[in-house]
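Just so you know, all these numbers are worked out from the coordinates, no wet-lab data involved. Keep in mind it's a predicted model, so treat the numbers as computed, not measured. Neighbour counts are summed over all protein chains in view; Cβ atoms, including those assigned to glycine, are modelled from backbone coordinates with ideal geometry.
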Amino acid sequence: MPATKLTTKRVEKPWGRRDLWPAFDGVPDGGNPVGEIWFEVPGAQDGSAAGPELLIKYLFTSDRLSIQVHPDDKAAQAHGYPRGKDEAWVILDAEPHASIALGTLETESRDALRAAALDGSIVGMLDWKAVKRDDSYYTPAGTIHAIGPGLTLVEVQQNVDLTYRLYDYGSDRELHLKDGIAVSDPVPYVAPYKAHELSAGRTILADGPAFVLERWTGPVETGLEGDGRSLWLVPLAGDGTIDGADFPAGSAWMIEGGAALTLPEAADLLVAYPGGGVIASLRPA
């Protein structure tokens, strides 16, 4: 099956922006700010058991997002969802002092977490980490987290629309304290995987359990062939080709089977696929 170009969906958010990443058109005067751009498989049942296992998004932030948490597969399936949500972020741009909250500063009880969510002190309970361009984070389900303002990032996640908000700075949006506290792991964040370069131009950012995320740089001319898993490709820079079609930044593609890929010297590409275990032969040395 040839490579499939994914469709884009712009999602307006009050914390979004009008000036987006250079690969995307900005928001016209008078338009609502855009916070997310989703890449969807044409005709697929996104978020369903039969739908794609992964979902790719760009995020553009001008304000704080809610403090939230996602359930793991078991907890999500108990509520009728096909899967839980692990996710990963790759920072493309960060204003000075931009930060992301990951985990709590100290190990906390769920009772203490609930009380802090109710009175707002949860903001100071979290570990706000300064972030910069090219940082990456894998956040397993159960990790309490929040994204701050001044960031442009790519998010790779298990494909399910399931978020429990614990605190939203006094807004009128619904909170989900009962379910959210139940699935939260209120402990300091420890990165489950250390990024490393597997070969020249190929860095493994995360290896499971829900998905593998890689970053490729430099020239590539190869036939991509997985191991039965679908591949998601997100070009960040460089104008290459895939199966003879243009492969520009700001697009995303899914491959089932194989595809011919050509990338120039200046290429920068994210590659993701579900499950754990790196496909060693995916990019020839």
Practice problem: Grab the Cα-Cα distance for residue 110 and residue 18, subtract it from 0.36 nm times how many residues apart they are, and report the gain in nm with one decimal. | Solution: 29.3 nm
Quiz item: Residues with amide H under 5 Å of residue 206's amide H, sequence separation 5 or more or different chain, H placed in the peptide plane at 1.01 Å from N; which?
Solution: 213
Practice problem: Enumerate the calculated ³J(HN,Hα) couplings along segment 102-107 in order (Karplus 6.51 cos²θ - 1.76 cosθ + 1.60, θ = phi - 60°), each rounded to whole Hz, writing x wherever the residue is Gly or Pro. | Solution: 9, x, 9, 5, 10, 5
Practice problem: Read phi for every residue in segment 219-229 and hand back ³J(HN,Hα) as whole Hz from Karplus 6.51 cos²θ - 1.76 cosθ + 1.60, θ = phi - 60°, with x for Gly and Pro. | Solution: x, 9, 9, 7, x, 7, 9, x, 10, x, 7
Exercise. Would you mind counting up the charge near residue 223? Only other residues with Cβ under 15 Å from its Cβ, with Lys and Arg at +1 and Asp and Glu at -1.
Key: -4
Quiz prompt | Charge dipole magnitude, Cβ of K and R +1, D and E -1 - segment 113-158, Cα centre, debye nearest 20 | solution = 40
Practice problem: Using amide H atoms built 1.01 Å from N in the peptide plane, name the residues 5+ places from residue 129, or on other chains, whose amide H lies under 5 Å from its own. | Solution: 100, 101, 102
Self-check item: Too-long pairs where the Cα-Cα distance tops 30 Å, listed order kept, from 13/132; 129/178; 9/194; 13/194
Solution: 9/194; 13/194
Practice problem: Can you grab the distance from the C-alpha centre of segment 6-57 to the C-alpha centre of segment 148-214, Å, no decimals? | Solution: 18
Self-check item: 5 angstrom amide H check on residue 240, placed H, neighbours 5+ away
Solution: 247
Quiz prompt | Reach of residue 5 by Cα under 16 Å, taken over lysines that are not fewer than 8 positions away in the same chain | solution = 57
Quiz item: So what is the calculated 222 nm ellipticity per residue for the chain, using -39500 (n - 2.57) for each DSSP H run with n of 4 or more, over all residues, to the nearest 500 deg cm²/dmol?
Solution: -2500 deg cm²/dmol
Exercise. Estimate the FRET efficiency between residue 227 and residue 127 by the formula 1/(1 + (r/R0)^6), using the beta-carbon distance for r and 35 Å for R0, to the nearest 0.05.
Key: 0.45
Quiz prompt | Assigned charges on the beta-carbon of Lys, Arg, Asp, Glu; segment 196-274 dipole about Cα centre (debye) | solution = 180
Practice problem: Give the residue from 115, 8, 184 lying farthest towards the positive end of the charge dipole for the chain; charges sit on Cβ (+1 for Lys and Arg, -1 for Asp and Glu) and the dipole is referred to the Cα centre. | Solution: 115
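Using R₀ = 25 Å, calculate the FRET efficiency as 1/(1 + (r/R₀)^6) where r is the Cβ-Cβ separation of residue 32 and residue 169; round to 0.05.
Rounded to the nearest 0.05, the efficiency is 0.80.
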Practice problem: Return the sequence-ordered ³J(HN,Hα) values of segment 183-192 in whole Hz as given by the Karplus equation 6.51 cos²θ - 1.76 cosθ + 1.60 applied to θ = phi - 60°, using x for Gly and Pro. | Solution: 9, 6, 10, x, 9, x, 6, 10, 4, x
Practice problem: Along Cα→Cβ, 7 Å out, is where each label goes; now give me the distance between the ones at residue 200 and residue 265 in nm to one decimal. | Solution: 1.4
Quiz item: All other residues with a Cβ under 12 Å from the Cβ of residue 117 taken together, and with Lys, Arg as +1 and Asp, Glu as -1, what is their net charge?
Solution: 0
Practice problem: Mind putting a number on the dipole of the chain about its Cα centre? Charges go on the C-beta only, +1 for Lys and Arg and -1 for Asp and Glu, and I need it in Debye to the nearest 20. | Solution: 300
Quiz item: When ranked by the protection proxy of mean other Cβ atoms within 10 Å per residue, highest first, what sequence do the peptides 241-252, 200-211, 124-135 form?
Solution: 200-211, 241-252, 124-135
